[in-house]
1. Taking into account only those residues within the range B:266-288 that are among the acidic types (Asp, Glu) and in contact (Cβ under 8 Å) with a residue 40 or more places away in the chain, which is surrounded by the fewest Cβ atoms within 10 Å (Cβ to Cβ)?
2. Here's a check for you: in the range B:77-97, which residue that is free of Cβ contacts under 8 Å to residues at least 40 places away in the same chain and of a type in the set (D, E, K, R) is farthest from the other protein chains (Cβ to nearest Cβ)?
3. Of the numbered conditions (1) at pLDDT 95 or above; (2) touching a Ser or Thr at 6+ places or on another chain (Cβ under 7 Å), B:VAL56 satisfies every one except a single condition; which is it?
4. Out of curiosity, is A:ARG82 open to solvent by 10 Å² or more (accessible area, probe 1.4 Å) and within 24 Å of A:THR193 (Cα to Cα)?
5. Take the residues of the range A:94-119 that are farther than 25 Å from A:PRO187 by Cβ and more than 11 Å from chain B (Cβ to nearest Cβ): which is most open to solvent (accessible area, probe 1.4 Å)?
6. For B:ARG109, which of the numbered conditions (1) open to solvent by 50 Å² or more (accessible area, probe 1.4 Å); (2) more than 9 Å from chain A (Cβ to nearest Cβ); (3) in contact (Cβ under 8 Å) with a residue 12 or more places away in the chain; (4) more than 17 Å from the chain's Cα centre (by Cα) fails to hold?
7. Quick one: which of A:ILE147, A:ILE119, A:ILE135 is part of a strand (DSSP E or B) and closer than 18 Å to A:LEU228 by Cβ?
8. Quick one: in the range A:20-59, of everything that is more than 30 Å from B:HIS34 (Cβ to Cβ) and more than 9 Å from chain B (Cβ to nearest Cβ), which residue is most open to solvent (accessible area, probe 1.4 Å)?
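The values are calculated or read from the model by the stated rules, or taken from the named source; none is laboratory data. This structure is a prediction, so every number in the text was calculated from the model and none was measured. For neighbour counting, all protein chains shown are included, and Cβ atoms are generated from backbone atoms with ideal geometry for every residue, glycine included. These accessible areas exclude ligands, DNA and RNA; they are computed on the full protein's heavy atoms, side chains included. Shrake-Rupley method; radii C 1.70, N 1.55, O 1.52, S 1.80 Å.
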Amino acid sequence: MEFVSPEGLRLDGRRPLEMRQLRAEIGAVSKADGSAVFEMGNTKVIAAVYGPREVENRAQQMNDQALVRCEYTMANFSTGDRVRKPKGDRRSTEISMVIRQTMEACIMTHLMPRSQIDIFVQVLQADGGTRSACINAATLALADAGIPMRDLVTSCSAGYLNTTPLLDLNYVEDSAGGPDVTVGYLPKLDKVTLLQMDSKLPLDTFESVMQLAIEGCKAVANYLREVLLENTKQLEYRRGS
Amino acid sequence: MVGLSVGETNFIRGGIAQDLRCDGRKRLSYRPIHIDTGVIPQANGSARVRIGGTDVIASVKAELGRPNSAQPGKGKVSIHIDCSATAAPIFQGKGGEALSTELAADLQRCLLGGKSGAGAGIDLSSLSIVEGKVCWDLYLDGLVVSSDGNMLDALGAAIKAALSNTGLPKVNVIAADATSSGDQPEVDVSDEEFLQFDTSAVPVIVTLTKVGKHYIVDATEEEESQMSSAMSISINRKGLICGLTKRGGAGVDPSIVLDMISVAKNVSENFINVLDSEIAAAEAREEE
């Protein structure tokens, strides 16, 4: 199948190095301590953060740092075909763990010992890159909750199809069987905190694909920073100072 | 859950007794309602309903299926509700399952009528394509994204809005009389022509929550924590009762039940009008 046309356009009309439209909104869940909606094209996720609060299960309490927990769920209607999946299948358990580890790496957990932070991400629409979208949404929700972080961790994926590196794969490109590199990145510290790839790729190509994903992360970070700044301005305006 | 002090409890109860609730509402008034339709592009119809801090999404997916042998002339509808962990941490893992099942069962009772399908708010015979052979299976999925009380009413409203947003593809039967009786008739699903789903008969659900001697509509989570019992009544446009559920531990005097029903009926008239105008506004916004 041809994923990049001779004119250099992808199936959804993007250029190979183009991202999908980003949209983010802070404060979608009124009861949560922090929440955000994040959209990458047709992929749409909601993240809610509760905490830092008392640890529910005392056995899990840590005396030197906060406990970070994460749950990833997909809505029944999020995919094209309606499939009923029981909660906690292997795929969502794995993604929950990935998100938890990525967020734990950027939260300053040592500042909040003996407490617990819950991150819940809910996929409303899945069109490839849910992992990345969830991490970006979780970052925004954590920032909204006012939880101290080292940096805004952002995530983006890149792939390699028809001998062309492609940024931000959608579902069709993702299921094409080519390599899919997902990167989590701390833009200010210039550090990669998450790196996953399936399929195989020559080493020198991998480097350029990973670099492309990192560039994507930087673009997302810029956008998230804009959204947060705008949100803070709104809050300041509402306070009337 | 909600942790309230004695003072807060008294404040809520006292406010309800004096017909002035914490957010300034009267006992029988709703919080502002906001509806968006077409929020899930993959679905045949979808809607997001926000009533105050409660935020729910409903989607309708239609698939071709075989009708039940007991009811050959009717389609099938199934309702499934999920309480997302984003709404409250207690819903994580399997924590929301009990509530989800209860809500789904209540909605089923309120919208789909009895086991025989009699008295259903959704006209099941309109889903039939070839009697006994092909019909539409509607899957109604609800998702509670954020909860601040009154989830059942919000879900009922979301399903009503999602159904009125639903377009079922027109189905042309090519060979109705298949040679042998076991064969499925050939059908052609049009991807251009859509039939609007008739939702004029779909009821709304009004929940009256009894706190102290009085009952209120559209209770917030804090108010729900003070309830002794609650009555969910589904009423259609004609003012007929389509279903009824009582929740909560305390018993209710039969005369109060009748009183609650008549109050719910009065409230529902206004609620249906508000919903219809919000749905129409949402549809108009979507078309722009």
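1. B:GLU286
2. B:GLU97
3. (2)
4. no
5. Filtering the range A:94-119 for residues that are farther than 25 Å from A:PRO187 by Cβ and more than 11 Å from chain B (Cβ to nearest Cβ), the one most open to solvent (accessible area, probe 1.4 Å) comes out as A:ARG114.
6. (4)
7. After applying the criteria, what remains is A:ILE119.
8. Going through the qualifying residues, I end up with A:ARG58.
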